[in-house]
Amino acid sequence: METGTVGTERTILFISDLHLCEGRPTTTRALLGFLEGPASRCSELYILGDLFEYWAGDDDTTDFKTLIAGAFRTVRDSGVRIRFMAGNRDFLLGASYATEAGIERIDDPFELQLMDGNYLLSHGDQLCTDDIAYQAFRKQVRDLSWQEGFLSQPLAIRRRLVEEIRTRSESEKTQKASEIMDVNMSAVERLLRAHDYPTLIHGHTHRPAWHEHTVDGRLCRRIVLSDWNASAPYLEWSTGMLHDRVYIPETAQD
Ligand code: LP5
Ligand code: MN
């Protein structure tokens with residue numbers, strides 16, 4: 001349980017689902033502007049998964065990833081605490097890249113106690129329990145010994161396997177009903193109950209919204225973060241409450 005300082009000067013930002021890759025330069029520009037702008041002025045930044053489009057291992061180095069790590073590192077060095085929770089795309093992001101980027105890896109779910117109540121952070125994919133094929137896949141690839149075996153393979157083979165899974169995933173998604181790719185309400189209720197009825201913040205579904213759920217007579221909020229494109233949507237906790245915000249890079253305003 002994170003408690004920390006609970007003063008009103010504390011500003012916390014939450015983002016998820018950037019899906020960064022070299023093929024999305026506008027999203028990269030949005031991130032670099034966001035890091036120089038709003039993120040540089042906050043006290044904590046939480047990244048709730050799928051920062052990258054995919055991650056095949058920390059040894060899969062590129063100039064692009066070095067650039068992103070450097071941008072996060074600059075913000076961290078200015079005094080901002082940056083925490084990263086893995087998503088279904090980047091769960092193999094390891095200690096080596098985290099250190100380079102100055103980010104701390106945190107578990108899913110993650111409890112955060114703020115002055116206005118308890119918060120629970122998650123990527124959200126675990127809540128999509130109706131997606132049986134995905135949950136079976138998840139169980140396998142989140143197994144630590146499976147990951148060790150995968151990471152011990154040559155990078156070229158890993159990249160090829162990732163490409164295969166991505167192709168298969170995109171094809172299977174076209175066959176799945178939209179509802180099964182959303183959270184299951186019983187799974188949400190179980191999670192809220194197990195964590196004493198917090199405000200849940202998650203991403204993954206790309207269905208940004210603020211929901212209210214009454215569980216065992218207790219009112220809980222569930223806030224779904226937006227994925228990113230040319231702009232940088234984020235959730236801000238400041239002055240004891242949450243605010244929906246969007247950072248729009250100058251180039252995207254033309
Ligand atoms: O990401 P998104 O939102 O588009 O789709 C997800 C689910 N898909 C995935 C797969 C990722 O998109 C791509 C992989 C990322 C890289 C991971 C790196 C390391 C893994 C390497 C594995 C070899 O997460 C999608 C959900 C959707 O969210 C909505 O919730 O539906 O799930 C799928 O489409 C998965 C398929 O239904 C099942 C795929 C079965 C593959 C079985 C082969 C397993 C063997 C693996 C070892 C070779
Ligand atoms: Mn996801």
Any pair with Cβ under 9 angstrom, 6 or more apart, that starts in segment 18-35 at a residue that is more than 17 Å from Gly70 (Cα to Cα) and ends at one that is surrounded by fewer than 16 Cβ atoms within 10 Å (Cβ to Cβ)
Arg24/Asn229; Thr26/Asn229; Thr26/Ala230; Thr26/Thr251; Thr26/Ala252
Please determine, by comparing only the residues of segment 51-69 that are part of a loop (DSSP other than H, G, I, E, B) and of a type in the set (A, V, I, L, M, F, W, C), which one is farthest from the chain's Cα centre (by Cα).
Ala56
Subset of segment 174-209 [surrounded by fewer than 14 Cβ atoms within 10 Å (Cβ to Cβ) and closer than 21 Å to Ala86 by Cβ]
Ala194
Can you tell me how many residues within segment 165-197 are assigned to a loop (DSSP other than H, G, I, E, B) and touching a residue at least 12 places away in the same chain (Cβ under 8 Å)?
7
Pull up segment 70-80, narrow it to residues that are part of a helix (DSSP H, G or I) and without any contact (Cβ under 8 Å) to a residue 40 or more places away in the chain, then point me to the one that is nearest to the chain's Cα centre (by Cα).
Phe72
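Matching residues to (1) more than 10 Å from ligand 1 (Cβ to nearest atom); (2) surrounded by 13 or more Cβ atoms within 10 Å (Cβ to Cβ); (3) modelled with pLDDT of 95 or more:
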{"position": "Thr99", "(1), (2), (3)": "yes, yes, yes"}
{"position": "Asp108", "(1), (2), (3)": "yes, yes, yes"}
{"position": "Gln113", "(1), (2), (3)": "yes, yes, yes"}
{"position": "Cys128", "(1), (2), (3)": "no, yes, yes"}
{"position": "Ile132", "(1), (2), (3)": "no, no, yes"}
{"position": "Ser145", "(1), (2), (3)": "yes, no, yes"}
{"position": "Ser152", "(1), (2), (3)": "yes, no, yes"}
{"position": "Ala156", "(1), (2), (3)": "yes, no, yes"}
{"position": "Arg166", "(1), (2), (3)": "no, yes, yes"}
Is it fair to say Asp60 is modelled with pLDDT of 95 or more, within 16 Å of ligand 1 (Cβ to nearest atom) and acidic (Asp, Glu)?
yes
So Arg159 passes all but one of these: (1) within 17 Å of Trp55 (Cα to Cα); (2) within 16 Å of ligand 2 (Cβ to nearest atom); (3) among the basic types (Lys, Arg). Which condition number does it fail?
(2)
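The values are calculated or read from the model by the stated rules, or taken from the named source; none is laboratory data. Remember, it's a predicted structure, so these values are computed and weren't measured experimentally. As a convention, Cβ positions derive from the backbone with ideal geometry for all residues, glycine included, and neighbour counts pool all protein chains shown.
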